Amino acid sequence: MAEKQSSSAARKSFFALFLTTIVLFVLSWLFVLRSTGRPRPLDRKVLPTQKLPTVFHHVKSQSSNGLRRAILVNNGGREEEPPKREQGFQDKDGAMNCNGSVKEPLKIFMYDLDPEFHFGLLDWKPQGDRVWPDIRTEIPPYPGGLNLQHSIEYWLTLDLLASEISDNPNNRVAVRVQNSSEADLIFAKLVKDLTAQKEWKMSGGRDHIVMAHHPNSMLDARMQLWPSIFILADFGRYPLNIANVDKDVIAPYKHMVESYANDTSDFDSRQTLLFFQGSIYRKDGGFARQELFYLLKDEKDVHFAFGSLKNNGVIKAGQGMRLSKFCLNIAGDTPSSNRLFDAIASHCVPVIISDDIELPYEDILDYSEFCVFVRTSDAVKEKFLINLIRSISKEEWTQMWEKLKEVEALFEYQYPAKDGDAVHMIWQSLARKVPGVKMKINKSRRYSDAVVPGKDGGLRSIPAPKNFW
């Protein structure tokens, strides 16, 4: 009996010692964590500016007071009045003050390629030894149809040519320079002989811009040009080690429907709840279109129908979007489609069902303020999507609709380019890449064996990434 009591006491003592040890261990860690201090908010006084950089301003507001105001995306997505000019910040490399205005233009060197590689494709006939059209007297028109949605290089090239005849080029977002040594970035559109150019060798192509907005652009050339900055619609057909959001720039499609000027609609006048018109049967990630068609086709206030360019399909789609509260943007053959930008131009709140989509300017623009995002796995559940859309109140929709009208100019391509339009936004997206490009070039020159001992002083050719396909 005494042995049992002794054994029981020993177990209790051991348990008490174990419990005490655990408590002391936990308390010691709490003491250590407290001694290191709580996570503190970043002291913005140590930064060059107390506002995160933004790149658009002076967008016309359609609010009731009709005043012209600036939209600033900073902490929390709050809107504030733009700071005074003298409060702006410019870093030593270049480019932006705290409200995003480019104080020094981005310097672009553009190769003088033979016209057969640019405007000659639009049936422009050069006169004499001219390489580029004189845009003071003629602007070669761009053909219509679906090709227009991927016409990004057309608008950027026109803007660069316009910078050469500008009365005040220092007020522009980007300017063309004739000496490549002065350039921040180099604009390229040709694969042949490009990698043999002195400018390419100097940086290994890292400071070159390559336009490849169509998803099938340069399928065979990506292996050679991957170090450069691609301007793309999405990354759907690119391996991650060839194109990614850290290295490259996502540019918006040019919308096909007409912009909705003088929009006097409201929640009640847009009687269609949810709109989709386009190809329903798609491959790759577009399986959701077919699934959603069967889930939504019988809903009374939903328009979900096949559509194409035939029989004024674009005009009819634009009319339908203007009469709808929400417009579906579902992944097709690739994660992106022009339908998102048609919806923005129509002030129809986009519902994005595309898990792998990358969006233009998302480093400074909060799309959740004017779009609804739904995971594909949720969207294809019975009644999930329609119940979600019906649960959005009139006040919530109106807030997103107002925001759409504020940001629509950011996706507008035009010539001449205007402050805060798509052309300027793309140039400024590229300007934000410049510091990273310079860092990569400088790091690649750390060791002597990284430099080609040739006359041009360039870098060794960069090997293609492993597991390219």
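The values are calculated or read from the model by the stated rules, or taken from the named source; none is laboratory data. Note that the coordinates shown come from a computational prediction; the quantities given were computed from them, not determined experimentally. Positions of Cβ are backbone-derived with ideal geometry, glycine not excepted, and every protein chain shown enters the neighbour counts. SASA here: full protein model, heavy atoms, side chains in, ligands and nucleic acids out. Shrake-Rupley method; radii C 1.70, N 1.55, O 1.52, S 1.80 Å.
Structural remarks
- Once backbone amide H atoms are built at 1.01 Å from N, residue 329 has 351, 352, 353 as its partners under 5 Å, excluding neighbours fewer than 5 places away on the same chain.
- The GluC sites (Glu not before Pro) of region 204-310 that DSSP puts in a loop, and whose beta carbon has at most 14 other beta carbons within 10 Å, are 258.
- Loop-located GluC sites (Glu not before Pro) in region 321-427, at most 14 other Cβ atoms within 10 Å (DSSP): 362, 382
- Here the accessible area is traced with a 1.4 Å probe on the protein chains. For region 122-179, carbon and sulfur cover 44 percent of it.
- Largest-first principal axis extents of the Cα set of region 330-383 (Å): 32, 21, 20
- Coarse-grained scattering of region 183-326 at q = 0.14, 0.21 Å⁻¹, given as base-10 log I(q)/I(0) from a Debye sum over alpha-carbon atoms: -0.83, -1.22
- Residue-wise HN-Hα coupling along region 126-134, computed from phi with Karplus coefficients 6.51, -1.76, 1.60 (Hz; x: Gly, Pro): x, 10, x, 9, 5, 9, 10, x, 7
- For region 297-448, the Kirkwood estimate of the hydrodynamic radius, built from every pair of different alpha carbons, is 17.8 Å.
- ³J(HN,Hα), Karplus 6.51/-1.76/1.60, whole Hz, each residue of region 210-217, x for Gly, Pro: 10, 7, 8, 5, 5, x, 9, 5
- Near the amide H of residue 110, within less than 5 Å, lie the amide hydrogens of 177, 187, all on another chain or at least 5 residues away, with H placed in the peptide plane.
- For region 119-179, accessible area per residue (1.4 Å probe, heavy atoms of protein chains only), Å²: 54
- Across 125/198; 405/438; 198/440, pairs whose alpha-carbon gap is larger than 26 Å: 125/198; 405/438
- The distance from the alpha carbon centre of region 163-212 to that of region 221-277 is 24 Å, rounded to a whole number.
- Computed Rg/Rh of region 124-230, alpha carbon atoms with Kirkwood Rh: 0.97
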